[in-house]
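Notes for the one structure printed next.
What follows draws every value from the coordinates through simple rules; no lab data is involved. Since we're looking at a predicted model, the values are computed, not measured. Positions of Cβ are backbone-derived with ideal geometry, glycine not excepted, and every protein chain shown enters the neighbour counts.
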Amino acid sequence: MLVPLSKIDVELNPRIEELIFLMHVSPDKALRDASTEAEKEIEAFFVTSGMRVDVFKRVQALSQKGSVKQKEDKRFLDKTLKSYQRNGLNLKQEIRDQIEAKQKRMAVLSTDYSTHLNEENRKLEFTEEELAGTPADFRSNLKKNDKNNKYLVTLSYPDYFPIMKLCTVSATR
């Protein structure tokens, strides 16, 4: 039972990442759009598969049986069981249906947010002080406005995430 579940992560995820990666980097809008739609369908599939009561019951029975002894297998089993419990599979069907609908909606919103962020081409201007906390090599890779010497920052991944993660100026974040 554990082997097929673990193979999903090992074999399927790299292929999925190849599809989804295109929505972030392809210069072809049609390809980016197709990749975005693929991600929405994949996310819906994972939400649905993560709500399968029959699989949850088998994982739960395997856990209760106590027959899994190898440390790595036990850890995988425990994490899988917790994931199903967090999805509400130990709750009534009505509540599970609500959880599944909300998870699917969140997946669509997350993909849409990522797409809009990726498609945004606006540039924001910041002084060095406003980018405090970001590494010098990060700032050196940013373009500058020749007129006011401010850094030009886009909302694309290479600009956005370092600032959100490292910048100590809350107004900038």
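Points to keep in mind about this one:
- Just so you know, the averaged projected area of the alpha carbon convex hull for region 2-119 sits at 8.1 nm².
- Against the chain, whose longest principal axis is taken from its Cα atoms, helix 13-25 shows a tilt of about 20°.
- Total charge dipole magnitude, the chain, about the Cα centre, Cβ charges on Lys, Arg, Asp, Glu only, Debye to nearest 20: 860
- Taking a straight line from the alpha carbon of LYS7, these lysines sit under 18 Å away, with near neighbours fewer than eight places off in the same chain left out: LYS71, LYS74, LYS79.
- By the Stokes-Einstein formula, at 1.306 mPa s and 10 °C, region 124-166 with its Kirkwood radius over alpha-carbon pairs has D equal to 153 µm²/s.
- In this structure, ARG58 and ALA38 have a Cβ-Cβ separation that, at R0 = 30 Å, corresponds to a calculated FRET efficiency of about 0.55.
- Residues in region 78-99 reached by a label modelled at LEU2 [backbone nitrogen below 11 Å; 7 Å Cα→Cβ]: 78-80
- Potential lengthening between ARG173 and LYS82 on full extension [0.36 nm per residue; Cα-Cα distance subtracted]: 29.4 nm
- Averaging over all projection directions, the Cα-based convex hull of region 47-173 occupies 11.7 nm² in the image plane.
- Label-point gap, in nm, between ASN145 and SER26 - each point 7 angstrom along Cα→Cβ: 3.5
- Each peptide in 108-114, 128-134 gets a packing score, the mean of other Cβ atoms within 10 Å over its residues, and the list from highest to lowest is 128-134, 108-114.
- For region 124-166, a simple Cβ point-charge model (Lys and Arg +1, Asp and Glu -1, everything else neutral) yields a dipole of about 100 debye relative to the Cα centre.
- Principal-axis tilt of helix 29-49 within the chain, Cα atoms, nearest 10 degrees: 30
- Between ILE95 and GLU72, the contour length at 0.36 nm per residue exceeds the alpha carbon distance by 5.1 nm.
- For the chain, the longest principal axis of the Cα atoms and the long axis of helix 93-119 meet at an angle of about 20 degrees.
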